[in-house]
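Trainee: Submitted below is the structure of interest, expressed as structure tokens.
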Amino acid sequence: MMLHLRRTSLLRGWSGVCRCQTGNQPSRNSSSSSTSSLFVAPDSSSAGLVLHSQSTNVYQNLALEDWIDANVDLQQRSILLLWRNRPAVVIGRHQNPWTECNLPAMRRMGIPLARRRSGGGTVFHDLGNLNLTFFTSKKAYDRQRNLKVVTEALRRVRPGLDVQATDRFDILLNGHYKISGTASRLSRKSSYHHCTLLHSADRSALSTVLRPSCPGIHSNATPSVPSPVANLLDHAPTLQWEELLDGLVNQYNAEFGFSSALTLVNPTDESVFPGLSRMETELRSWDWTFGKTPKFSVQTLLDLTDGRSSARSSAQLHMEVKNGLIESCELDVPADWLPRRLSGELVNMLVGERFCPHGAAAAVALLLRSESGELQTRLHHLCDAVLSVMG
Amino acid sequence: MLSRSRCVYQGLGRSLSAVSQVNNVLVRQSVSGFSVSSRLVYRNSQPCEVPSSVNVFHTRYFKTSAVHRDEVITVKTPAFAESVTEGDVRWEKAVGDSVTEDEVVCEIETDKTSVQVPSPAAGVIEELLVPDGGKVEGGTPLFKLRKGAAAAAKADPSPAAEAPPAAAPPPPPPPPPASTPTAMPTVPPVPPPTAPAKPVSAVKATAAAPAPAPPAAGGRGENRVKMNRMRLRIAQRLKEAQNTCAMLTTFNEVDMSNIQEMRKIHKDAFLKKHNIKLGFMSAFVKAAAHALTDQPAVNAVIDDSTKEIVYRDYVDISVAVATPKGLVVPVIRNVETMNFSDIEKAINALGEKARKNELAVEDMDGGTFTISNGGVFGSLFGTPIINPPQSAILGMHGIFDRPVAINGKVEIRPMMYVALTYDHRLIDGREAVTFLRKIKAVVEDPRVLLLDM
């Protein structure tokens, strides 16, 4: 499968590929015959490659990153991939989605959740955010240099813009607002470093979704460090996408001594990217997105007060969750509110299920059908409270 | 030679034949081993379980050339890039897992970077030296790997297809979920169907019954799998239903030609207007709702605790859907107010949710009557079982061309057998038969609905 990537060839045609305008114009060189030659081993004048993904689907783009990392020989060349996504939340490899983002709100707003393979914290992507991925060999891995490409590019298109990369690999605007965050991944021989760049993102959506789904979670997953953010467009109102992208491509070439033009790529083209759809499927799966959460525990108090009785009633819930599945569950419900037999049944139903309101829904519905009257109402109330903890 | 090999293998529980096989290999290798031993560095701090006079190869550095059987190596944290000092370990593999060379064993998260730590050789993870989430620095020992252990007897939960050929005579002790070769090659050892034609129960739900690998040599082992909670609960409910209800089934047959023709004529326009396909379920669901409003006893249920009959004004029809995880029964509410397109939309929406595993508790709560379609699996005839707490269930079966007598002549018509299982404590025979005939009348000629007959 990877043979065509390693074969040296006399093909130099692609370096004469014409520059593509981003956005509306259809690319002339995205036909499969010419893009499949993209990854042929380069000669020295074309050791760098700048790609722009035509897809705005977060899973396809993450899969494209994986594909390049796995299939392209990065020892002799480097790649810069530019991509944007429709609204999505992206968590880091070892993070806990229930603490990092508000899953019920995301479901209501139709915003999907993706887990990337690199480390780091949680970010909100939308079409106002540009993602840049720098692919290099492990030896050439240098994040500050990559960020310098971004800051220098910004300074060139807008002289006087105060942008600075920090030692935590963020880029700050005016010394205060974060406009870019970084994450990376080191594999056996290759590496990639990707960062965001806030151009014109929807900040209110961002703040709505980037908060915990439910209280009471104790985990040693990688936490996110919240920072105040700003959009470039707010501080440089005339900076449009085209100018920004051109500036970045030019700076990338200048910094690394390349002379590559921007090439559009389509991750859904199986002839150019064989096997990418399989990677995309894996990234979409529940087992990857939620199942890869490090082990955590949930300890919270459920409020069982119903409209009828004036007495306040509450239940103590303690769950251990591993690989996204409920490993153990303790539910302490006052016996005068609901017989222990029923709360015990509910606990039994939950163990082994996914920590997800839908995972246990069928089992819970089955349990509810066996009861009737007041008991059923209370059990229903308890079930709702427990399921709402799961996001 | 022999004494050393015995020490090295103590506690492994191998069978004698396997040991002798390995012994031979070791004898062969040890000759070369001695010649290189002088170049190896012994780890004095490592407590050895073998006497020190014995030559045990413990390496400090990765040995990628010759693979020495059963050598345990300690893999260390690789150096971090860019002068980073420490990171958190996230384990991908656990103790006892076998890994191939270069397979990722763990990832180390340092400062927003995820670094993969591959296994230097094929083997079995012997011990994890850092807890999950623990901090490590470059050079910290991470885990111990027992090399060359493709034939290890450690509990290895991989499917039998990968069972090492060397261990053929005594099969390795099977851990519960592993599929050992079973008696008959043809029939998979899954539990028998829950009940005769329980609504669409053909799908075997849980991962507890993996498809067994085709047995190598007609073995006769057994495989015990614990019943999961959901299955236990369903089993309990079904038996309760059987014990309380006086369950009987009445049958009838439906001539599907008219409804098929209606569908043929209108399906394209329907698809264009409503954006979903026109199926047969809507006809049966609507027919059932019509018949249920006409005969409230079938829509009612006996409350055993209070000895009352509960009559309901609304018709909520539960539709049995087979999903990969098992049978789920989402409910369409207030069907008596819906027309065919509303019903199709509702079924479609629920089917989508079920497929994506997004059904909520509210979607599956309640229901006054159930319809189950065994026909999708090709069923000809069968007795459905009531879905408690309800009083009746309609079972649809497959549509097959059959010769039938129409006006004294034999004609071939697409026919479907339908079955109604009902609770005889509440519904008597005449009511049940009339009910089923009403459904038949509506499906055979939907104009009956317009004329309210």
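The values are calculated or read from the model by the stated rules, or taken from the named source; none is laboratory data. The shown structure was predicted, so the numbers you read here are calculated from the model rather than taken from an experiment. Ideal geometry is used to build each Cβ from the backbone, glycine not excepted, and the neighbour counts take in all protein chains shown. For the accessible areas, the whole protein counts, side chains as well, though only heavy atoms, and no ligand, DNA or RNA atoms are used. Shrake-Rupley method; radii C 1.70, N 1.55, O 1.52, S 1.80 Å.
Trainee: Please give, to one decimal in nm, the separation of the simple spin-label points placed at A:N220 and A:K139, each 7 Å out from Cα toward the Cβ.
Mentor: Placing both labels 7 Å along Cα→Cβ, they lie 3.7 nm apart.
Trainee: For the residue pair B:E103 and B:R437, what label-to-label distance in nm results when each label sits 7 Å from Cα along the Cα-to-beta-carbon direction?
Mentor: So the label points at B:E103 and B:R437 sit 6.7 nm apart.
Trainee: A follow-up question, please. So which residues in region A:93-119 end up with at least 50 square angstrom less accessible surface once the other protein chains are there, compared with the chain by itself, probe 1.4 angstrom?
Mentor: The answer is A:H94 - residues whose exposure falls by at least 50 Å² when every protein chain is included.
Trainee: Between B:E362 and A:W241, take the C-beta separation as r, use R0 = 35 Å, and let me know the FRET efficiency to the nearest 0.05.
Mentor: 0.20
Trainee: Straight-line reach from B:K345: which lysines fall under 27 Å, measuring Cα to Cα and dropping same-chain residues less than 8 apart?
Mentor: Cross-link targets: B:K198, B:K264, B:K267, B:K272, B:K273, B:K277, B:K286, B:K325, B:K353, B:K356, B:K438, B:K440.
Trainee: Write down the accessible area per residue of region B:340-423 in Å², having rolled a 1.4 Å probe over the full set of protein chains.
Mentor: 41
Trainee: Here is a further query. Sequence gap at least 6, Cα distance under 8 Å: using those rules, report the relative contact order of chain A to the nearest whole percent.
Mentor: Normalised by residue count, the contact order of chain A is 18 percent.
Trainee: For A:D73 and B:S257, FRET efficiency with R0 = 51 Å and r from the beta-carbon atoms, rounded to 0.05?
Mentor: Details: r = 64 Å, r/R0 = 1.26.
Efficiency for this residue pair is about 0.20.
Trainee: Same structure again: Of A:K148, A:K178, A:K139, which is the most mobile in a GNM of chain A whose springs link Cα atoms less than 10 angstrom apart?
Mentor: Among A:K148, A:K178, A:K139, the largest mean-square fluctuation in the Gaussian network model of chain A belongs to A:K139.
Trainee: Related question: When the C-alpha atoms of region A:219-296 are aligned to their principal axes, what extent does each axis show, in angstrom, from largest down?
Mentor: Cα spread of region A:219-296 along its principal axes, largest to smallest: 44, 42, 24 Å.
Trainee: Now for a different question. How big is the C-alpha Rg of region A:244-391 next to the rule-of-thumb value 2.2 N^0.38 Å, as a ratio?
Mentor: 1.68
Trainee: While we're on this one: Nearest 10 degrees is fine. How inclined is helix A:373-389 to the longest principal axis of chain A, computing both from alpha carbons?
Mentor: 30
Trainee: At a 1.4 Å probe radius, carbon and sulfur cover how many percent of the accessible area of chain A?
Mentor: Of the solvent-accessible surface of chain A, carbon and sulfur hold 51 percent.
Trainee: Starting from the exponent 0.38 and prefactor 2.2 Å, build the expected Rg for region A:253-328 from its residue count and divide its actual Cα Rg by it. Don't jump to the answer; show the numbers that get you there.
Mentor: Working: Rg = 24.7 Å, N = 76, 2.2 N^0.38 = 11.4 Å.
Dividing the Cα radius of gyration by 2.2 N^0.38 Å gives 2.17.
Trainee: Any idea of the accessible area per residue across region A:138-225, 1.4 Å probe, to the nearest Å²?
Mentor: Ligands and nucleic acids excluded, the figure is 45 Å² per residue.
Trainee: Short version: which residues of region B:105-146 lose at least 40 Å² of accessible area, all chains versus chain alone, 1.4 Å probe?
Mentor: B:E107, B:E109, B:D111, B:K112, B:T113, B:S114, B:Q116
Trainee: What FRET efficiency would be calculated for the residue pair B:Y314, A:S314, taking the C-beta separation as r and a Förster radius of 35 Å, to the nearest 0.05?
Mentor: Here the calculated transfer efficiency is 0.55.
Trainee: Chain pair B, A: how much accessible area is buried, both chains summed, with a 1.4 Å probe, in Å² to 100?
Mentor: 3600
Trainee: Here's something else I'd like to know. Stretch B:K267-B:E240 to full length: gain in nm at 0.36 nm per residue minus the Cα-Cα span?
Mentor: 5.4 nm
Trainee: Given a 1.4 angstrom probe, I'd like the percentage of the accessible area of region B:399-453 that is carbon and sulfur, rounded to a whole number.
Mentor: Carbon and sulfur: 54 percent of the exposed surface of region B:399-453.
Trainee: What is the pair-distance distribution P(r) of chain A, computed from all Cα-Cα distances in 10 Å bins starting at 0, with each bin given as a whole percent?
Mentor: For chain A, the binned pair fractions read 5, 21, 27, 20, 13, 9, 5, 1, 0 percent.
Trainee: Further question on the same structure: Expressed as a whole number of Å, what is the distance separating the alpha-carbon centroids of region A:360-374 and region B:415-453?
Mentor: 29
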